[in-house]
Amino acid sequence: MEILFWPIVSLLSIGIMGSFLKLDGDALAFILTGAITAGVVQVAQLDVSYSLLYDIWSKSIKHTFMAPVSQFDYIIGSWIIGVLRGAIVFAMLGVFAMWAFHFRLAGAVPTLIFACGIFLSALVIGMLVCLLIMLYGQRVEVTAWSLSTLLMLVSGIYYPVSFLPKPFALLAAAIPLTHFLEYYRSFYGYTPVFSNSLLTGFTLSAAYVFLLFWLLGFAFEKARKSGMILRLSE
Amino acid sequence: MLSINARDIHKTYRSGFMGRKKNHALKGVELSVNKGEIFGLLGTNGAGKTTLLNIFSGQLAADSGFVEVLGHDISKKMPVSLKEELNMCSGIPNFPWSLTVEENLKFYSLLYGICDKDCGDIIQNCIKMFSLEKYRSVRYDQLSSGNKQKLALAKSMINNPKLLFLDEPTIGLDPDIAKKIRELIRKIHGERDITIILTTHYMKEAEELCGRIAFIKDGIIKAVGTRSEIVALTEGHNLEEAFIELAE
């Protein structure tokens, strides 16, 4: 239930605001897509981030790292749970938006592709949070809640990235979620700012996942040298 | 055959701005632990016992030196396959607090890849071995210190390790509970093909359990041998007097 509460509150407030502003169907779909995305990304990325944070909060991280679990198992296992929970949130928010605001999905295949893009973006954000925690310890745990919000702000969650100041629009181009949002919103008549949205989104996601696994390997080894894992268990 | 072979191990902890503050915790440790023995590591607070144990268990990397654990060189990297053969129990145990005894054991059995049909039997055996039957559905944060320690020991046996690290397993426990824990350690050692490395501040515990003992001071191994060999190195009459003399 708790995974649905905040996403539904957010969807309701955005949807009611859109109705108050008398947005037409496509414009309302534009911002509702953002509200659904924000809810799903947050739920799915938190499952990846929490895999490490729960261990840190219970001071049991040394037991986890003593076990024969590779970083790949650790991250991907948590992500799969995030995908399952995120898929439930996605479906519930979609149905709720259709019922409450006459939101229409852009077709089964584009929706499925868009969902894959959201889940990959969540994986990248969750891995980035884990990397920062392994490097800087519990003092950066706030990134678990703030990083996705900041990245969504830059990736044009409720507006086209062309509305952002130029440096931020450039930064948006490096965020996979920007391209997945642009791809899905193109079905509501909005021309993407960047070309080849899908290809760029998936290529960036794959590159970041590979890079982050490599960096996590480095961070875990650094934590083993510095004693960070043991300090996080005290 | 050796379970642990450590040569010239150095470890320095760095803290403060740009890591300028240094604490040289281990200064060329040389140590061998035979397969199947209970080996005691004694030393004063901050002597380097836990640091050494953490290096052997792969949770901490040495700055330099050679460390071989169960025939695997872990000086540079800890192989994931070796982790299947090891486990650890700390004196101040911490586990996911919202999970019950049974759920915690299930969680760690999954982490150790024990998810086949025998998993349930293994968990039940661990619960029975450490007399945790009454507490199987009790959340970790509602357990007494003694039962938390029993759970820590039960968790450390979940993968039937070949090498077990016990870091001050009876610290802060009432004498009767500490005695029961010692009996359980002896029982585990008697029933299984296992090497145990134990750190402790309690001389009685070392005398009761350990075949050989190493005394570490300021990051250097000062003496290694059986209880009587350690005592013979000093003017003391027992291990406690030998400890005090070696610590001075």
Handout entry: Yes/no for B:ASP176 being surrounded by fewer than 19 Cβ atoms within 10 Å (Cβ to Cβ), over 23 Å from B:VAL80 (Cβ atoms) and either more than 19 Å from the chain's Cα centre (by Cα) or in contact (Cβ under 8 Å) with a residue 24 or more places away in the chain (or both)
Key = yes
Practice task
Output yes when any residue across segment A:96-109 is within 18 Å of the chain's Cα centre (by Cα), over 19 Å from A:SER205 (Cβ atoms), more than 14 Å from chain B (Cβ to nearest Cβ) and buried (at least 23 other Cβ atoms within 10 Å of the Cβ), and no when none is.
Solution key: no
Exercise for the section: Return the total of residues in segment A:82-108 being within 30 Å of A:ARG224 (Cβ to Cβ) and either at pLDDT below 95 or outside any helix (DSSP H, G or I) (or both). Expected result: 0
Fill in the blank from the handout: Restricting segment B:1-35 to residues that are of a type in the set (Ser, Thr, Tyr) and surrounded by 16 or more Cβ atoms within 10 Å (Cβ to Cβ), the one nearest to B:GLY211 (Cα to Cα) turns out to be B:SER3
Completion exercise
Counting only residues in segment B:110-124 that are surrounded by fewer than 17 Cβ atoms within 10 Å (Cβ to Cβ) and modelled with pLDDT of 85 or more, the one nearest to the other protein chains (Cβ to nearest Cβ) is identified as B:GLY113
Exercise for the section: Would you please name the residue that is surrounded by the most Cβ atoms within 10 Å (Cβ to Cβ), looking only at residues in segment B:182-193 that are under 15 Å from B:GLY40 (Cβ atoms) and in contact with a strand residue (DSSP E or B) (Cβ under 9 Å, 6 or more places away or on another chain)? Expected result: B:ILE185
Practice task
Could you give me the residue pairs with C-beta distances under 8 Å whose first residue belongs to segment A:43-68 and is closer than 25 Å to A:ARG85 by Cα, whose second residue is of a type in the set (Asp, Glu) and assigned to a helix (DSSP H, G or I) wherever it lies, and which are 6+ apart or on separate chains?
Solution key: A:ILE61/A:ASP55; A:THR64/A:ASP55
Handout entry: Residue list for segment B:3-17, restricted to those being within 13 Å of chain A (Cβ to nearest Cβ) and of a type outside the set (Gly, Ala, Ser)
Key = B:HIS10, B:LYS11, B:THR12, B:TYR13, B:ARG14
Handout entry: Elements of type helices (runs of 4 or more DSSP H) contained in segment B:1-111, each with 1 or more residues being under 16 Å from A:MET228 (Cα atoms)
Key = B:49-56
Exercise for the section: Would you point out the residue of segment B:97-109, among those that are of a type outside the set (Lys, Arg) and surrounded by fewer than 21 Cβ atoms within 10 Å (Cβ to Cβ), that is nearest to the other protein chains (Cβ to nearest Cβ)? Expected result: B:TRP97
Problem - Qualifying residues in segment B:130-172 (those that are surrounded by fewer than 20 Cβ atoms within 10 Å (Cβ to Cβ) and among the aliphatic types (A, V, I, L, M)) - the one farthest from B:ASP118 (Cα to Cα) - result: B:ILE171
Problem - Residue count, segment A:39-74 (criterion: touching an Asp or Glu at 6+ places or on another chain (Cβ under 8 Å), within 10 Å of chain B (Cβ to nearest Cβ), within 16 Å of A:ALA223 (Cβ to Cβ) and surrounded by fewer than 23 Cβ atoms within 10 Å (Cβ to Cβ)) - result: 2
Exercise for the section: Report the residue count in segment A:186-234 for those that are within 14 Å of another protein chain (Cβ to nearest Cβ) and not in a helix (DSSP H, G or I). Expected result: 4
Problem - Residue in segment A:171-185 that is at positive phi and not in a helix (DSSP H, G or I) present - result: no
Exercise for the section: Just need a number here: residues in segment A:179-225 that are more than 20 Å from the chain's Cα centre (by Cα) and among the acidic types (Asp, Glu). Expected result: 1
Practice task
Tell me, yes or no, whether segment A:79-86 has at least one residue that is away from every other protein chain (no Cβ under 14 Å), among the hydrophobic types (A, V, I, L, M, F, W, C) and surrounded by fewer than 18 Cβ atoms within 10 Å (Cβ to Cβ).
Solution key: yes
Exercise for the section: Out of the residues in segment B:36-74 that are within 14 Å of chain A (Cβ to nearest Cβ) and touching a His at 6+ places or on another chain (Cβ under 8 Å), state the one that is surrounded by the fewest Cβ atoms within 10 Å (Cβ to Cβ). Expected result: B:SER64
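The values are calculated or read from the model by the stated rules, or taken from the named source; none is laboratory data. Quick caveat: nothing in here was measured; it's all calculated off a predicted structure. Note that each Cβ is placed from the backbone with ideal geometry, even for glycine, and that neighbours are counted across all protein chains shown.
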